[in-house]
Amino acid sequence: MIIAIDGPAGSGKSTVAKILANRLGFKYLDTGAMYRALTWKAMQRRVDLRDETALCQLTDQIAIEFRSAGKSLSVFVDGENVTEEIRLPSVTNNVHYISDTPGVRQRMVKLQRTLASEGNTIAEGRDMGTVVFPHAEKKFFLDAEIEERARRRHGEFKPSDKRISYADVIKDIETRDRRDTTRNHSPLVRSSDAICINTTKMAIEEVVNLIIKQIGYAGKNESV
């Protein structure tokens, strides 16, 4: 069974997807982390982020893995734990080069489908319900007002990052929204058969419970 969850930055989809996966006993597929992992590797190797051929070759060469331990999920590239590194601002600022590259996206979609074929999966990203898993059993699109999304993101910052203002976070989210919704390949868009949930005034647990009710699957020990 595949549950697809899409939405813009700060909508709560990552947190919701992680909790859902743990609650239901599903695999959590963080596709955004996959693009970040490739971006990090490309930067480490000093690959030209505008060179599609070089990026596609790198995608074919490296191994991206997810390893879970309890409620935590770690991302590995070629056996190296890069969970913290892929969240650095330098990676965030460059990941759009990777996600905008058609050849890379084609390879990533193939890998994402392979990973999901191994068991029940909560797949979270920008194009899960429209491109990667168009036949997913259930699709959800999470959204929230930009002010709330910025507040959430700013609240997640470590003390050392608090120098970045709330206004700066809003500008960053506006830029990401524009890139995500206007890119030529696999733009962020709500699938026509997705259930839209506005999370602006909802607690995470409310969102999780609503999705569980919609998919009709309450726990690890129940059959789908």
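The numbers here are math on the coordinates, done by the rules we state, and not lab data. Bear in mind the structure is a predicted one, so any value in this text is a computation, not a measurement. Here the Cβ positions follow ideal geometry from the backbone for every residue, glycine too, while neighbour counts run over all protein chains shown.
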Tell me what the chain gives for mean residue ellipticity at 222 nm when only DSSP H runs of n ≥ 4 count, each as -39,500 (n - 2.57), the sum divided by the residue total, rounded to 500 deg cm²/dmol.
-> -13500 deg cm²/dmol
Hits among aspartates and glutamates - C-alpha to C-alpha of LYS139 under 14 Å, sequence gap 8 or more where chains match | ASP6, GLU124, ASP127, ASP193
Mean Cβ neighbour count within 10 Å, used as a protection proxy, ranking 15-21, 88-94 highest first = 15-21, 88-94
Within-10-Å neighbourhood charge of ILE195 [Cβ basis; K, R +1; D, E -1] | +2
Candidates ARG113, ARG46, ARG126, ranked by Gaussian network fluctuation over the chain, Cα under 10 Å, top entry = ARG46
Distance in Å, no decimals, from the C-alpha centre of region 141-205 to the one of region 19-64 is 20
Exposure proxy ranking, count of Cβ atoms within 10 Å, fewest first, for PHE76, PHE157 = PHE157, PHE76
With the 8 Å Cα cutoff and a minimum separation of six or more residues, the chain has a relative contact order in percent of 34
How much net charge surrounds LYS18 when only other residues with a Cβ under 9 Å from its Cβ are counted (Lys, Arg +1; Asp, Glu -1)?
-> -1
Reach of LYS201 by Cα under 17 Å, taken over aspartates and glutamates that are not fewer than 8 positions away in the same chain | ASP143, GLU145, GLU147, GLU148
Please compute the net charge surrounding VAL91, taking Lys and Arg as +1 and Asp and Glu as -1 over other residues with Cβ under 11 Å from its Cβ.
-> +1
Please identify, among GLU85, GLU118, GLU205, the residue showing maximal mean-square fluctuation in a Gaussian network model of the chain using a 10 angstrom Cα cutoff.
-> GLU118
Say we join alpha carbon atoms closer than 10 Å with springs in a Gaussian network model of the chain; which of ARG153, ARG50, ARG23 then has the biggest fluctuation?
-> ARG50
What shape does region 28-119 take by its C-alpha gyration tensor, where a ≥ b ≥ c are the square roots of the eigenvalues and a/c under 1.5 counts as rounded, a/b above b/c as prolate, and the rest as oblate?
-> oblate
Express in nm, to one decimal, how much length is gained between SER90 and ARG163 on full extension, taking 0.36 nm for each residue of separation and deducting their alpha carbon distance.
-> 24.7 nm
